[in-house]
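Participant: Before I ask anything, let me first share the structure, which is written out below as structure tokens.
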């Protein structure tokens, strides 16, 4: 598994890779290929999509192999979660990124069983895993089978030190595969190497990155719904009746766990994206700081009332500009929060949003990825463009709509109605639910 303490020292790595240059993506792919088992024979040339029964085969084979002893099979929780995380990370550097979603989704599903991580639940039975991980996730079940049989994942153990480090650095907040690779090529092999550096290659090591590493173990834990309920009560007490707010994402969909807290705040005085919202954001952050929801020292992006325009090394995204589109600056703060001194830190994303496009924002950030694709595809069929800022006539060669064509929506139901899609309640906006509600014609893109 990839760990905080990888064996090669930073000094040795720097010496070994002193003349190394960041290779193009195709070369990175070839590096992965040298440490990854490839299919041979007919399998190497197969382009068919696995059938449902083929995807279930790894799960069914595991059950058959253990027979009556199946219910007694267990795995160390940390071993399983780390393997799923690391397999997804390695795939980020190759041509098959989409396959990593299977491992990410499996890890997220398992979080329902171990919301507080391996410390409180050191082992999991395969029978427990079966209750939350669909049999159709063949890639994840193949990995589980290998762990059950051998106690390791051979592909991960065969990785070079360079690839092992690069994959581990993807765990740092706001680090993509390109920067993770460059940091590793520059000689870093451990998180300590990153913390102790000001710059690695062309990558400046920011305070936000260091903050992410400091609280990495907390941030990789999923958040139980009951805990977000407590955060919600704390936020409600701080904002009072002056502001409206909603926690979106998987929490609003009614799911048992979430990866972070997505908070949308609005105020009657901020109606349009053209309105200046800076002072209002200052007020919002001030009341959240006073209630100890925000800590100026635990900031990833944005600014707080006591630390103006501090970015933690990350710039607040500039307004979105198009030829005839309004300047849109939703003003976002990303920070760490916790209930009390004994609680783990959680990531909280705070957006201040204008009320005239609030319905679009709430729907876009509540619906899962596939539902958003369904709705945006329907809009495109009608010559419209749909995003979290609104919906209107599509501009040629643009991701914005023609000025003056915005379709007002006072509620999310209005958007479904305009697109002739059956309305879904927020708790119905997960694929597992709406796939049983929507007619099949809506599920084909």
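The values are calculated or read from the model by the stated rules, or taken from the named source; none is laboratory data. All values derive from a computational prediction rather than experimental measurement. With ideal geometry, Cβ positions are generated from the backbone for all residues, glycine too; neighbour counts draw on all protein chains shown.
Participant: Could you look through the stretch 219-243, keep only residues that are in contact with a strand residue (DSSP E or B) (Cβ under 8 Å, 6 or more places away or on another chain) and without any contact (Cβ under 8 Å) to a residue 24 or more places away in the chain, and pick out the one that is farthest from residue 289 (Cα to Cα)?
Facilitator: Ranking the candidates gives 232 first.
Okay, residues lined up against (1) under 22 Å from the mean Cα position of the chain (by Cα); (2) outside any helix (DSSP H, G or I); (3) within 30 Å of residue 116 (Cα to Cα); (4) at pLDDT 95 or above:
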{"position": "334", "(1), (2), (3), (4)": "yes, yes, yes, no"}
{"position": "358", "(1), (2), (3), (4)": "no, no, no, yes"}
{"position": "371", "(1), (2), (3), (4)": "yes, no, yes, no"}
{"position": "380", "(1), (2), (3), (4)": "no, no, no, no"}
{"position": "405", "(1), (2), (3), (4)": "no, yes, no, no"}
{"position": "415", "(1), (2), (3), (4)": "no, no, no, yes"}
{"position": "422", "(1), (2), (3), (4)": "no, yes, no, yes"}
{"position": "442", "(1), (2), (3), (4)": "no, no, no, no"}
{"position": "445", "(1), (2), (3), (4)": "no, yes, no, no"}
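Participant: Would a scan of the stretch 205-226 turn up a residue that is more than 30 Å from residue 168 (Cβ to Cβ) and outside any loop (DSSP other than H, G, I, E, B)?
Facilitator: Narrowing the stretch 205-226 to residues more than 30 Å from residue 168 (Cβ to Cβ): 226.
Right, trim to outside any loop (DSSP other than H, G, I, E, B) and you get 226.
For the stretch 205-226, residues more than 30 Å from residue 168 (Cβ to Cβ) and outside any loop (DSSP other than H, G, I, E, B): present.
Participant: Moving to a separate point now. When residues of the stretch 382-401 are filtered for being part of a loop (DSSP other than H, G, I, E, B) and modelled with pLDDT of 90 or more, how many remain?
Facilitator: The initial filter retains those residues of the stretch 382-401 that are part of a loop (DSSP other than H, G, I, E, B), namely 382-383, 388-389, 395-400.
Those still in the list that are modelled with pLDDT of 90 or more too: 382-383, 388-389.
Summing the residues that are part of a loop (DSSP other than H, G, I, E, B) and modelled with pLDDT of 90 or more in the stretch 382-401 gives 4.
Participant: Looking at this structure, is residue 110 within 26 Å of residue 227 (Cα to Cα), surrounded by 15 or more Cβ atoms within 10 Å (Cβ to Cβ), modelled with pLDDT of 95 or more and not assigned by TED's automatic domain parsing to the domain that holds residue 300?
Facilitator: Working: within 26 Å of residue 227 (Cα to Cα): yes; surrounded by 15 or more Cβ atoms within 10 Å (Cβ to Cβ): yes; modelled with pLDDT of 95 or more: no; not assigned by TED's automatic domain parsing to the domain that holds residue 300: yes.
So residue 110 fails the test.
Participant: Is there any pair with a first residue in the stretch 258-271 that is more than 21 Å from residue 366 (Cα to Cα) and a second that is assigned to a strand (DSSP E or B) and at pLDDT below 95 whose Cβ atoms are under 7 Å apart and which are 6 or more apart or on different chains, and what are they?
Facilitator: Qualifying pairs under 7 Å: 270/352.
Participant: Given (1) assigned to a helix (DSSP H, G or I); (2) surrounded by fewer than 15 Cβ atoms within 10 Å (Cβ to Cβ); (3) free of Cβ contacts under 8 Å to residues at least 24 places away in the same chain, identify the lone condition not met by residue 152.
Facilitator: (1)
Participant: Still on this model: Which of the residues spanning the stretch 111-130 are in contact with a strand residue (DSSP E or B) (Cβ under 9 Å, 6 or more places away or on another chain) and farther than 19 Å from residue 59 by Cβ?
Facilitator: 111, 114, 115, 116, 118, 122, 123 - these are the residues of the stretch 111-130 that are in contact with a strand residue (DSSP E or B) (Cβ under 9 Å, 6 or more places away or on another chain) and farther than 19 Å from residue 59 by Cβ.
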